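In what follows, a structure is listed as structure tokens, so that the remarks can point back to it.
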Amino acid sequence: MLRDKPRRGYWCECWTENLRDTTEGPVFRASFDAYSAAQADRWVAVALRTITPALDAEASDDAWAWLYEGRVETRRALLRSEACMVTITHASTRITWTIRPALFLPLAHRQGTELPMCAYAFKPHVTD
């Protein structure tokens, strides 16, 4: 199904960074397209609740502080169309979630549609 108009939403990403290795920059881990501020901050909240038991005490405190207090401010900022960031540092790893307002363009839905023959001829290249 082809939507006729762009749709407002939020583009969410998760990045990690090894603070001991200064030669390597942040590493992209995951992304999520949310169609409401609630859905966007829920994505971060679920991730934080999932990893909290494995965090050290300070990182766990930071996570719960955001879950109880910072999440409300994040939601308000998103509703004002402001980008937001949540960062937790555990040992030598910094984990950062970003949420940015986005405009999702309409695309044709691929379900029930045959792909062109060239799609089946694609062979990924092996990197060394």
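All of the numbers you see were taken from the coordinates with simple rules; none came from a lab. Just so you know, these numbers come straight off a predicted model, no measurement behind them. Using ideal geometry, Cβ is built from the backbone for each residue, glycine included, and neighbour counts are taken over all protein chains shown.
Quick check on segment 15-74: what are the equivalent-ellipsoid semi-axes from the Cα gyration tensor, as sqrt(5λ), descending, whole Å? Could you put the intermediate results ahead of the total?
Details: eigenvalues 98, 60, 19 Å².
Over the Cα atoms of segment 15-74, the semi-axes work out to 22, 17, 10 Å.
Just to check I understand the Karplus step: with θ = phi - 60° and J = 6.51 cos²θ - 1.76 cosθ + 1.60, what whole-Hz values come out for segment 55-68, glycine and proline as x?
For segment 55-68, the Karplus curve yields 7, 5, 4, 5, 5, 5, 4, 4, 4, 5, 4, 5, 4, 8 Hz.
Counting Lys +1, Arg +1, Asp -1, Glu -1, what net charge surrounds T16 among other residues with beta carbon under 12 Å of its beta carbon?
Working: positive: R29, R94; negative: E13, E17, D21, E24.
The answer is -2.
Quote the FRET efficiency, to the nearest 0.05, computed for E73 versus I51 with a Förster distance R0 of 30 Å and r equal to the Cβ-Cβ distance. Each step should come with its number before you reach the end.
Details: r = 21 Å, r/R0 = 0.70.
So, using R0 = 30 Å, E works out to roughly 0.90.
By counting other Cβ atoms within 10 Å of each Cβ, how are Y35, Y68 ranked from fewest to most?
Values: Y35 13, Y68 9.
Taking fewest neighbouring Cβ atoms as first place, the list is Y68, Y35.
Using the Karplus curve 6.51 cos²θ - 1.76 cosθ + 1.60 with θ = phi - 60°, what ³J(HN,Hα) values do you get for each residue of segment 85-92, in whole Hz, with x for Gly and Pro?
9, 10, 10, 10, 10, 10, 6, 9
Hey, got the dipole for segment 7-106? About the Cα centre, +1 on K and R Cβ, -1 on D and E Cβ, debye to the nearest 20?
560
Add +1 for every Lys or Arg and -1 for every Asp or Glu among the other residues with Cβ under 14 Å from the Cβ of F32, and state the total. Provide the component values of the computation, followed by the final result.
Values: positive: R29, R42, R100; negative: E13, D33, D41.
With Lys, Arg at +1 and Asp, Glu at -1, the neighbours total 0.
Non-local amide H neighbours of S36 (under 5 Å, H modeled in plane, Pro and chain starts lacking H): which ones?
Y10
Amide H to amide H, which residues 5 or more places from H90 or on other chains are under 5 Å from it, using H placed in the peptide plane?
For H90, whose amide H was placed from the backbone, the distant partners under 5 Å are I95.
Using the Karplus curve 6.51 cos²θ - 1.76 cosθ + 1.60 with θ = phi - 60°, work out ³J(HN,Hα) for each residue of segment 73-82 in order, rounded to whole Hz, and write x for Gly and Pro.
5, 4, 4, 4, 5, 4, 5, 8, 6, 9
Taking the Cα atoms of segment 7-106, what is the range of coordinates along each of the three principal axes, in descending order and whole Å?
41, 32, 19
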